[in-house]
Amino acid sequence: MKRPLLVSLSVFAAFLIDMKLSFFGFRTDLTSFVVYWFGFSHSYLGGMLFGAAVGGIEDSLLSVVIGSALFGKAVAGFFASFLSKGFFRWTPVLGFFGAMGLTFLAGLMELVSIIVFEKAPDVLSLGSLKLLVFQALLNGVLGFIIKPEIDEL
Amino acid sequence: MQGRRFLPLILLVIFTSALMTYQARKGSIDPLGPVNGFMYTISGGISGAFSSVSGFLGNFGYYAARAKDLEKENAALRNKLAQTAEIQKENERLRQLLDIKQHLPDYVASANVIARGAKRWANTFTIDAGSNEGIRKDMTVISPQGLAGKVIRVEPGYSLVLLINDVRFAASARLEQSRQEVIFSGTGGRDCELRYVTSDVKVNKGEVLVTSGLDGLFPEGIRVGYVKQVSDEDGFFRKVDVVPFADTTSLEEVAVISR
């Protein structure tokens, strides 16, 4: 009972912070971190569906075309589950690169979707890449600090 | 067996591609539309609650050091002062908007900013005026300082505005001194940039940019920003950074105008 409440609160808080905070003019992307954090401790299907749900809400609230964030975050959630399987064991360094890589991946997928389906080729610019890198680094730092709870699988 | 793991991913690609293709052809769908307005209301309420809580916590230590009666009196006076200052500021902003209303024949509506977009690629905000107030898609949004963005989605009670610093924002503009026609675009950060500026175009640092109206979207002559930096030629084009006049992070009231 605690876990769903924690996840819901995390998603809500991430949306709220993303709406309110910006550093050096760049917005944060904590919702991607929450997707990574959830996906890490769940199956690939669970991670993907969670990412799709978070991305879907984001699209519906703040976008014209629904699908780009849904796709990007679902992909991130899918691959997050692989970081806790096989020979991977969580360490702060894995957390850093995992959160950073998946945030970047989610952003890249979203970017590609926008270019292809929202007919906005101008999106691909140095500014957008800077934004991606900034958000990925910020989430990487969080990934270094926060250990996902994998014992509650 | 390993391949089956990727089956959901493949289905996801097919589903989202179909979904976005449909919307690209037929227009956007909005399954959560009815609850979005409710969500914005909640967001606004929570922001207010956060402000109240942070304000309370911030002042707590200060007032705790003083006697209770003095504290009450002090707090009351401070509140009054803050309210007065806030009313004065609001008055000033509304006066500026009123000025816009009187001077712009294409004025449609003025609106308050009620939420900011959290989407990665969208520097957006939501305003509390929509189709009920006569707002339509692609209308221009301005602040007293200058161009703020354009309307990209309209609902009966609210509208979504794409800000000028969004990476998808582009407008035809003119350099005020040299009268050179340029394309102005957002970068996703605080500053914006000019696109496709070749080396033969003379661009001076500090030069003011206004909309040219040639893109068929924005009315002519709206102040946009000023040139912050002109870098050397990089390939075919020069890099020109622009600081928009409208500070998109602190906008509270805006006006919507039609072309």
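When you filter the chymotrypsin sites (Phe, Trp or Tyr not before Pro) in segment B:214-259 for DSSP loop state and at most 11 other Cβ atoms inside 10 Å of their Cβ, you are left with B:PHE236. Note on B:LYS205, A:LYS73: ascending count of other Cβ atoms within 10 Å places them as B:LYS205, A:LYS73, the fewest first. Under 19 Å Cα-Cα from B:LYS205, which aspartates and glutamates qualify once same-chain neighbours fewer than 8 residues away are excluded? In chain and number order, the partners are B:GLU176, B:GLU181, B:ASP191, B:GLU193, B:ASP232, B:GLU233, B:ASP234, B:ASP241. Calculated over segment A:9-66, the projected area of the Cα convex hull averaged across directions stands at 4.4 nm². In terms of its C-alpha gyration tensor, segment B:106-163 has an oblate overall shape, because the principal axis ratio a/c (a ≥ b ≥ c, square roots of the eigenvalues) is not below 1.5 and a/b does not outweigh b/c. Treating each Cα of chain A as one equal point scatterer and applying the Debye formula with no solvent, the log10 of I(q)/I(0) at q = 0.19 Å⁻¹ comes out as -1.16. Convex hull volume of the Cα atoms of segment B:128-225, normalised per residue: 102 Å³. For trypsin sites (Lys or Arg not before Pro), the sites in segment B:108-201 that DSSP calls loop and that have at most 14 other Cβ atoms within 10 Å are B:ARG136, B:LYS137, B:ARG179. Using the rule -39500 (n - 2.57) for each DSSP H run of four or more residues, divided by the residues of chain A, the 222 nm mean residue ellipticity is -24000 deg cm²/dmol. Between A:PHE23 and B:TYR22, the simple spin-label model (points 7 angstrom out along Cα→Cβ) gives 3.9 nm. Taking a span of 30 Å or more along the helix axis (Cα atoms) and a mean Kyte-Doolittle hydropathy of at least 1.6 as the rule, the DSSP H helices of chain A that qualify are A:92-117. With one equal scatterer per alpha carbon and no solvent term, the Debye-computed log10 I(q)/I(0) for segment B:170-245 at 0.20, 0.21 1/Å reads -0.77, -0.85. Near B:ARG179: Cβ cut-off under 11 Å, other residues only, Lys/Arg at +1 and Asp/Glu at -1. The net charge is -1.
Values quoted throughout were computed directly from the atomic coordinates according to the rules given, and no laboratory measurement underlies them. Predicted model only: the values in this text are computed from it and were never measured. Neighbour counts are summed over all protein chains in view; Cβ atoms, including those assigned to glycine, are modelled from backbone coordinates with ideal geometry.
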